[in-house]
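A short write-up of the structure that comes next.
Quick note: the coordinates plus some simple rules give every number you see, no bench work behind them. All values reported here derive from a predicted model rather than from experimental measurement. For neighbour counting, all protein chains shown are included, and Cβ atoms are generated from backbone atoms with ideal geometry for every residue, glycine included.
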């Protein structure tokens, strides 16, 4: 096929393939680029390979102008395309925009853009390059071995356009596995690839003959499919080097550029390659790899047959079971219908009975009363015996036979039931003889017939009543006997149905994919010319065009340092500026990137710089309900944003967050609870278990509420249950009025999980998110977990109490928890706010309240608190008295804490790492000055040292520390038990207080309510103690790791005095879910002491209360012990595993630091040219000086 014809075919086929695979944006974009490349016949020559191998320098040399930046660290952070044409620069940013730089620009500016990989993906540079032909594009790509993964991705995303690929590697790293793999991949994709071994001037013939060096390389790459004549050796510094083939590379480029059909040949291969890659990924996404349609159809047929068989068996068994009762009832009715209980001979006895039953019946003249009664009894007995005999023969025997037959038929083997059948008999009652005689009856043949029928029906009805329970029992036995088989069949049918549906769905996917695959590959492989209006397609999918504009440039490291150095006047002041310090360590990270052995330090410094530059803090507001948390938050924000807090159980979390690109100022998101979470909350509040909202609604409907709080909550939750199904887990946008409704209307509020408000203010602009938590006095377990999570993880805690009632019960419970865990905080992050200080009558009164609060805090071992008296209302109204309100002081100290104190440890760590980096870099330069003999000796010494240190690290074990941790768990929970028992009398007093015994409830009901309150308080107390233990254990694990680090660091320094290490930031330990099972272990036995209650007077005025309290404490000690034993097992397993994981992480980090340290020193003794290290050292010296770090 001619080049022209191939082009005519390629364009519509490429467009048609795009139509088929446009659902995958990355491949679709590549096809668009390929289409317009074919149309323009643009030839792309790509240079890729190692960073610092000389790619950019080679391109600069080829085009005769220093356009691209060169450096010993990765410089081209994006794909750069150089083309001859009218001077212009087009930037492809990360958002997909094409920006054509307007105005004049310098080569240095272009170089700076080449470094901005995070903002610029691709740069097109056009100029009057005399060395370039028209329609030829030179591509420079980031190094594929850069530590930045984005660099390799940028390279691989552009090479589909390349008609000619030069893979450039430096002399010392030619035969790496990465190089061979990349070359092999390009060959597999049909690319014309050549290997350039640059810096050949480094070759030393005395070390290895060049012929042997070349033979080894050619053999290695020939195995990957690269011909030996595709390997070139170059030097860009020693142009006259005997092995330099740079001129041959230039000749090859000229030859290939002039080759007809180069673009079309590559485009054809690329179209197939892109199509194959897309289909391979699609096949993997659809989970269709190695699946045959024929085998799939066979499986579907087999499963369908199995399903048919199972369904038939299930139907037969179900029909058989359901027919047992109906069949027996039908046959019973048949027996009863055909039973003749009063034949002709019995009717005469019936007539005689009727006669004796009538008024006026009399026998004899003398002693007639006794004789009459005797005669009546005789006639009754005669009739009853006859009826009973007929009942047995006509009904009972037949029924017995029927039941036994059915029992045998259904293989009922229950001895009890079979014995029951054996013993069963139908009896009748003589009373029926009398009750069947109608009022006003006469003794004649006509009525006797009527009476016989009535009596027969009554006896049959009574007999049926006796038989039906047996039939029901038999049906139940049949069900029970077949239950396992029935359930197995149900399960089998369900599984086979699911399997069949899955196989059918898989088959549909397979057929659809095979059709797509055939269509795409026919188009890609020239087997099919599509019916496509190419002009219309081009109109619908035009090539992207650039619009004029600018993109903010980042200063290069060297110029930035020069500028900052020139501006530096007060080092100490600037070091305190975190933004400035972050810039310095970011610059240091850039300097260290690419220097062998400094990658870990560079990455660590970069992470710290990003953390300091992109500060994000969480501030948690705590306090009892109505303490003024929301109004205080409004005062901080400077606007009345949050409405009043709702009741404890309906409280949702309110978050005020900084706006984002897709979350503008003023946007409010309301997130609803999931149905499951809502049911768990109902279970926690009302002590019921419900499997669905409807189940919960029905159960709540039957409740009255044991307390006023529960009574008020019942209608709210009943109403909410009818709506939770439609809103479960959803998030909606709301305006301010709607938001207030979700907070103020308790029926709605109880369904809300959290509300997020995006609000722009000076506070949020500094990266702070305010979290208004549920009240501190909520005993709701969900609220307790949320509160604890924020106590643990919030960057700052603002506790708000109300001036008129500081430290309510809820306040005290929260402060107890703060007191338990405060020592686990890395720093004091607590701020205490007394709200509504304007209510004070005098300054003396304010000081009195403050002293009281300080004393209360001291009881919880919270010393030297940050304590501020403020008036939120006056602050919002801007009427606060500055002599009384401490709002301004609080804000100043709070901002200093957030912006300085929180980052102090990170800054200190960064300074240590900068110092280590400078020391190691200087060590390289010192080592490079050594003579050859000393170098060889040092290499041996350092190599032996490294092995010893690594051996020491690898031999380290944590057995002792694991045992220490287990002992710590045991001791912590032992003291929890002690504290719980010491606290028990107070919990008892709070539950069994005089106020509980007023009202209409009986003493027994009140005692039960008080007992349940005691159990709830006891469980809550234990939960809080266990939560505190988790923080102590986390701190203990970190202390064990710190000890391990210090011990390892000391031992490492003993091997080499310069081997300084820094403690890494280890993975955070998540708090385990604590299961509070205390109530589950409580039985009726524990509340036996309550039986000693006599009356209220004796309980409170005599010694009865103390006696019951002590006995309850003794009884409840066992459930507490069981709970703590379970927690001990949980904590030992959980924190033991966390210790092992963190120890492994720590050890691995120390190994990396060791490897990096020795890599740096060992490389120093093999360096010939240290100029790049000297430049880096000078730059780092400036950074250290600017950052105020001692080098």
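With a ≥ b ≥ c taken as the square roots of the eigenvalues of the C-alpha gyration tensor of region 163-244, please select rounded if a/c is under 1.5 and otherwise prolate if a/b is larger than b/c or oblate if it is not?
Judged from the Cα gyration tensor, region 163-244 comes out prolate (a/c at least 1.5, a/b above b/c).
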query = What is the antiparallel percent of DSSP beta bridges lying wholly in the chain, to the nearest 5?
reply = 35 percent
ask   = Residue separation times 0.36 nm, minus the C-alpha to C-alpha distance between residue 483 and residue 660: what's the value?
value = 57.8 nm
key: Among (i) 1.13; (ii) 1.20; (iii) 0.97, the entry that matches Rg/Rh (Cα atoms, Kirkwood Rh) as calculated here   = (i)
remark   = So the FRET efficiency between residue 491 and residue 676, C-beta based with R0 = 30 Å and rounded to 0.05, is 0.75
remark   = By Cβ neighbour count within 10 Å, fewest first, 248, 630, 1171 rank 1171, 248, 630
query = Helix 368-391 sits at what angle to the longest principal axis of the chain, using alpha carbons and giving 0 to 90 degrees rounded to 10?
reply = 40 degrees
request  = With an 8 Å cut-off on Cα pairs and a minimum separation of 6 or more residues, tell me the relative contact order of region 163-244 in percent.
outcome  = 35 percent
note = To the nearest 10 degrees, the tilt of helix 397-409 (Cα long axis) against the first principal axis of the alpha carbons of the chain is 20 degrees
request  = As a check on your grasp of the helix formula, calculate [θ] at 222 nm for the chain: sum -39500 (n - 2.57) over DSSP H runs of n ≥ 4, divide by the residue count, round to the nearest 500.
outcome  = -20500 deg cm²/dmol
request  = For the chain, find the longest principal axis of its Cα atoms and tell me its angle to the long axis of helix 1104-1164, 0 to 90°, nearest 10.
outcome  = 20 degrees
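Determine Rg/Rh for region 391-461; Rg is computed over alpha-carbon atoms and Rh is the Kirkwood hydrodynamic estimate from the same atoms. If you can, show how the numbers build up before the last one.
Working: Rg = 17.5 Å, Rh = 14.6 Å.
We get a ratio of 1.20 for region 391-461.
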request  = Can you tell me the FRET efficiency between residue 937 and residue 209 if r is taken as the Cβ-Cβ distance and R0 is 41 Å, rounded to the nearest 0.05?
outcome  = 0.90
remark   = The simple spin-label model distance between residue 22 and residue 905, using points 7 Å out along Cα→Cβ, in nm, is 5.4 nm
ask   = Taking a spot 7 Å from the Cα of residue 340 along the direction of its beta carbon, which residues of region 453-485 have an amide N less than 20 Å from it?
value = 453-461
task = Please give, to one decimal in nm, the separation of the simple spin-label points placed at residue 896 and residue 454, each 7 Å out from Cα toward the Cβ.
result = 10.7 nm
ask   = What does a probe at residue 1115 reach in region 1013-1043, counting residues whose amide N is under 19 Å from the point 7 Å along Cα→Cβ?
value = 1013-1020
ask   = Once a ≥ b ≥ c are taken as the square roots of the eigenvalues of the Cα gyration tensor of region 1002-1152, is the result rounded (a/c under 1.5), prolate (a/b larger than b/c) or oblate (a/b not larger than b/c)?
value = prolate
note = So the FRET efficiency between residue 699 and residue 726, C-beta based with R0 = 22 Å and rounded to 0.05, is 0.60
ask   = So for the pair residue 507, residue 543, with labels modelled 7 Å out along Cα→Cβ, what separation do we get in nm?
value = 4.9 nm
note = Once normalised by the length of the chain, the mean sequence separation of its alpha carbon contacts under 8 Å that are 6 or more apart gives a contact order in percent of 10 percent
